[in-house]
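Just below is one structure, and these are the notes that go with it.
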Amino acid sequence: MKFLKIFLCLVSLILVGGIIYGYSQFRGFGNNLPRERFVVALNTSEEQIIDNLYQKGFLRNKTIFNLVLDLKKWRGNTKPGAYMISKSMNVYELAGTLIYGPFQKWTVIPPGKRKEQVGLILKKSLNWPDDMVLSFIRIAKEGYLWPDTYLFNTDADPSQIANRLENEFNAKLGELKADFKTKNISPQTAVIMASLIERESGSEEDKSIIVGILWNRLKKKMKLEIDA
């Protein structure tokens, strides 16, 4: 009987200790800590996301985080993008914030796309309704939308997106203006020529050939005579 009591006491102590330890690993790192931007890159695995959370001090215990994902059936549902999270969040709050979705989403805009095509890319990426796509097409400046990989706020309006793409373009164009000046080429002419070459050519090798032909025709004051 005495042995049974000792055994039950030991079991109780182990259970209580396990609960205390589990809670200590489940809770956050303090109260009212500021939210921080946490970016999940494209093509990042869930394992990598959890490792990043742990390394950056948002998680005490990766095993407990994985356990919450399994119990809530949230496994594999974290999307690439940017999130606002805090080290005050416990494991459940942290996982829930990631599952809810990012406040910024990745958008990949390839080179050579017309503004109508860019509008459709934004529609898919940011879940825009048709009226926002049409608004973007009206606002956006054709030929001045810099192709790149962006993080856009999910609540950004068409004018904000169009302005950012054009600002990126102008920043890149500014780096080349000195070179244009030495060759007596206006930035506007360079943009028009680049657009024509992009639309006319099929590969990088074609572009270098076509650009030489077109500049020679311009110097000779010939018609360009291209489909684009």
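For the range 48-163, which strands (runs of 3 or more DSSP E) that fit wholly inside it have 3 or more residues that are small (Gly, Ala, Ser)?
81-86
Those residues that are touching a helix residue (DSSP H, G or I) at 6+ places or on another chain (Cβ under 8 Å) and either under 21 Å from Lys115 (Cβ atoms) or assigned to a helix (DSSP H, G or I) (or both), I need them from the range 164-187; list them, please.
Leu165, Leu173, Lys177, Phe180, Pro187
Quick test for you: out of Gly112, Gly81, Gly119, pick the one residue that is open to solvent by less than 80 Å² (accessible area, probe 1.4 Å), closer than 30 Å to Glu200 by Cα, in contact (Cβ under 8 Å) with a residue 60 or more places away in the chain and not aliphatic (A, V, I, L, M).
Gly112
From Asn61, Asn32, grab the single residue that is in contact (Cβ under 8 Å) with a residue 40 or more places away in the chain, more than 25 Å from Ile109 (Cα to Cα) and either open to solvent by less than 80 Å² (accessible area, probe 1.4 Å) or out of contact with any strand residue (DSSP E or B) (no Cβ under 8 Å at 6 or more places or on another chain) (or both).
Matching residue, one of Asn61, Asn32: Asn32.
Could you go through the range 138-149 and let me know if any residue there is surrounded by 12 or more Cβ atoms within 10 Å (Cβ to Cβ), under 23 Å from Pro102 (Cβ atoms), over 18 Å from the mean Cα position of the chain (by Cα) and modelled with pLDDT of 95 or more.
No.
The conditions are (1) modelled with pLDDT of 90 or more; (2) open to solvent by 30 Å² or more (accessible area, probe 1.4 Å); (3) touching a helix residue (DSSP H, G or I) at 6+ places or on another chain (Cβ under 6 Å), and Phe26 fails exactly one of them. Which is it?
Answer for Phe26: the failing condition is (1).
Identify the single condition in (1) under 19 Å from Asp157 (Cβ atoms); (2) open to solvent by 30 Å² or more (accessible area, probe 1.4 Å); (3) free of Cβ contacts under 8 Å to residues at least 40 places away in the same chain that Lys105 does not satisfy, given that it satisfies every other one.
(3)
Considering only residues that are over 30 Å from the mean Cα position of the chain (by Cα) and either more than 19 Å from Gly143 (Cα to Cα) or of a type in the set (Lys, Arg) (or both), look in the range 193-206 and name the one that is most open to solvent (accessible area, probe 1.4 Å).
This residue is Glu205.
Within the range 56-80, which residues are within 18 Å of Phe38 (Cβ to Cβ), within 25 Å of the chain's Cα centre (by Cα) and basic (Lys, Arg)?
Across the range 56-80, the qualifying residues are Lys56, Lys62, Lys79.
For the structure I just gave you, tell me whether Ala190 is open to solvent by less than 80 Å² (accessible area, probe 1.4 Å) and either out of contact with any Leu (no Cβ under 9 Å at 6 or more places or on another chain) or outside any helix (DSSP H, G or I) (or both).
Spelling it out, it is not the case that Ala190 is open to solvent by less than 80 Å² (accessible area, probe 1.4 Å) and either out of contact with any Leu (no Cβ under 9 Å at 6 or more places or on another chain) or outside any helix (DSSP H, G or I) (or both).
The values are calculated or read from the model by the stated rules, or taken from the named source; none is laboratory data. What you are looking at is a predicted structure, and each value in this text was computed from that prediction instead of being measured. Every residue, glycine among them, receives a Cβ derived from its backbone with ideal geometry; neighbour counts consider all protein chains shown. Protein only, heavy atoms only, side chains kept; ligands, DNA and RNA dropped before computing areas. Shrake-Rupley method; radii C 1.70, N 1.55, O 1.52, S 1.80 Å.
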